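The values are calculated or read from the model by the stated rules, or taken from the named source; none is laboratory data. None of these values were measured; they are calculated from a predicted model. Cβ: placed from backbone, ideal geometry, glycine included. Neighbour counts: every protein chain shown. Calculation scope for accessible area: heavy atoms of the full protein, side chains included, ligands and nucleic acids excluded. Shrake-Rupley method; radii C 1.70, N 1.55, O 1.52, S 1.80 Å.
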Amino acid sequence: MRANIAVLPGDGIGPEVTAEAQRVLEAVADRFGHEFTFREGLVGGAAIDATGSALPEETLALCRDCVAVLFGAVGGPRWDDPTAAVRPEQGLLAIRKGLGLYANLRPVTLNPVLADASTIKRETLEGTDLLVVRELTGGIYFGERGRRDGGQTAYDTMVYSVEEVERVVHTAFRLARGRKRHVTSVDKANVLECSRLWRETATRVAKEYPDVAFDHLLVDACAMHLIRRPATFDVIVTENMFGDILTDEASMLTGSMGMLPSASLGAGSMGLYEPIHGSAPDIAGQGIANPLAAILSAALLLRHSLALEQEARAVETAVDGALRAGYRTHDLAGQGEQALGTREMGEMIVRSVAEVS
Ligand code: NAD
């Protein structure tokens, strides 16, 4: 297969971890006989410094020319002035909107060898393998907001259309068919009108997937059950703000920021793939960042944008194998344990992919 892949490393550890993810994709291309062309673009603080914009027009055009985007992270103390008119994270929001990426996927799978790194008890976590599908381009983050009464009252507005709910719920059901066939829709239908529309719509969409089990949970109950019985979930689908909060909660089940990938998808095969962590300015430039979240994001790229399931699994198996063999980066290593640098861990995965039989 031939594919053009946009690479947007961004700031801080973004370039360090993205370089390893790209090397793993190159190893996949070599091993499985594909031809991937990587095209690099500017985003975030690096783009602000070079062009004055967090998402230059040519970066968006480059992404539109590609089948997928491998994204690092944006931001850092240099661009942290909250009153600045141009900020790095605008680059990420603009790219999601510009490419119509309305569904954010965050798989949370417990790797048994890392279970003790979590603050939750091992027996509660055992078997956890869930996927949160968060609506990404609607809801309260995009509704009308402002101040009135001379600035003494503030308001934000949550707005959803049937179409916005339908498309993301369909995404959740399609993904559930490739997993444990169970969708849980999360809302606050006892209070919010948007949630009542969400629930009606999700219930209607669910009828098109009689082979998939379906239930509803109120968001407050879901927050509780996620840490009480995480292994009972398969796919959770929810609106933007609830998803923002629940995905961070879910990410902590597995213990480390450096391990978790994400994908943002739209209607076609185009997707944006990025680690959930930020630019980690505290460790940037030291060569010690954990590249596994970025590498696992590359596996999601293979699965969702290129439909290369065998290749995606080869990468995931390589990561799993490295962890089982006891290799750790600094964030995962215990006291006195030896740790690999970013490049060394990347190299470990590259070698393992190259050896897949
Ligand atoms: P962060 O995720 O960058 O870092 C939080 C902590 O986790 C730090 O101690 C960091 O060293 C550690 N960490 C993160 N990723 C790691 C990795 N791969 N390996 C080892 N350790 C890792 O979050 P933050 O400190 O709140 O934010 C730093 C900057 O990143 C801010 O400018 C923020 O706006 C930005 N940010 C960007 C994104 C994004 O680009 N999607 C997401 C979150 C934060």
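Quick notes on this one:
- Measuring nothing but how far apart in sequence close Cα pairs (under 8 Å, 6+ apart) lie, relative to its length, region 119-254 scores a relative contact order of 39 percent.
- For the pair R147 and E208, label points projected 7 Å from Cα toward Cβ lie 4.4 nm apart.
- Over all orientations, region 199-256 has a Cα convex hull whose mean projected area works out to 4.5 square nanometres.
- The slack in the chain from H225 to D282, taken as 0.36 nm per residue of separation less the alpha-carbon distance, amounts to 17.2 nm.
- Centroid-to-centroid separation of region 31-94 and region 174-229 [C-alpha atoms, Å]: 33
- Full extension of the segment from A154 to H182, taken as 0.36 nm per residue of separation minus the current Cα-Cα distance, would add 6.2 nm.
- Counting only the Cα atoms, the chain fills a convex hull of 150 Å³ per residue.
- Working note: Cα gyration tensor of region 168-321, eigenvalues times five, square-rooted, sorted largest first, giving semi-axes of 29, 20, 14 Å.
- DSSP bridge pairs, the chain: antiparallel proportion in percent, nearest 5: 40
- Taking each DSSP H run with n ≥ 4 as -39500 (n - 2.57) and averaging over every residue of the chain yields -12500 deg cm²/dmol at 222 nm.
- Residue with peak Gaussian network fluctuation, the chain [Cα springs, cutoff 10 Å], from V235, V159, V315: V159
- Restricting the calculation to alpha carbons of region 18-126 gives Rg and Dmax of 18.1, 51 angstrom.
- Computed extension length for F32-A117: 27.2 nm, one decimal, from 0.36 nm per residue of separation with the Cα-Cα distance subtracted.
- Kirkwood hydrodynamic radius over Cα pairs of region 154-212, then Stokes diffusion coefficient at 20 °C and 1.002 mPa s, in µm²/s: 176
- The residues of region 119-254 have, on average, 48 Å² of accessible surface per residue, using a 1.4 Å probe with all protein chains present.
- The residues neighbouring R87, those whose beta-carbon lies less than 9 Å from its own, together hold a net charge of -3 under the Lys/Arg +1, Asp/Glu -1 convention.
- Choice from E239, E337, E16 with maximal GNM fluctuation in the chain (Cα, 10 Å cutoff): E337
- Distance between the pseudo-spin-label points of K97 and R343 (7 Å out from Cα toward the beta carbon): 4.0 nm.
- Counting charges near T247 (Lys, Arg +1; Asp, Glu -1) among other residues having Cβ under 9 Å from its Cβ returns a value of -1.
- With all protein chains in place and a 1.4 Å probe, the accessible surface of region 119-254 carries 53 percent carbon and sulfur.
- Cα-Cα pairs of region 119-254 separated by more than 26 Å (percent): 26
- Take the Cβ atoms of R351 and E163, set R0 to 56 Å, and the FRET efficiency comes out at 0.75.
- Calculated diffusion of region 296-357, Stokes-Einstein form, Kirkwood radius summed over Cα pairs, 20 °C and 1.002 mPa s, µm²/s: 174
- Eligible aspartates and glutamates near K180 by straight Cα distance, threshold 12 Å, same-chain separation 8 or greater: D129, D211, D234
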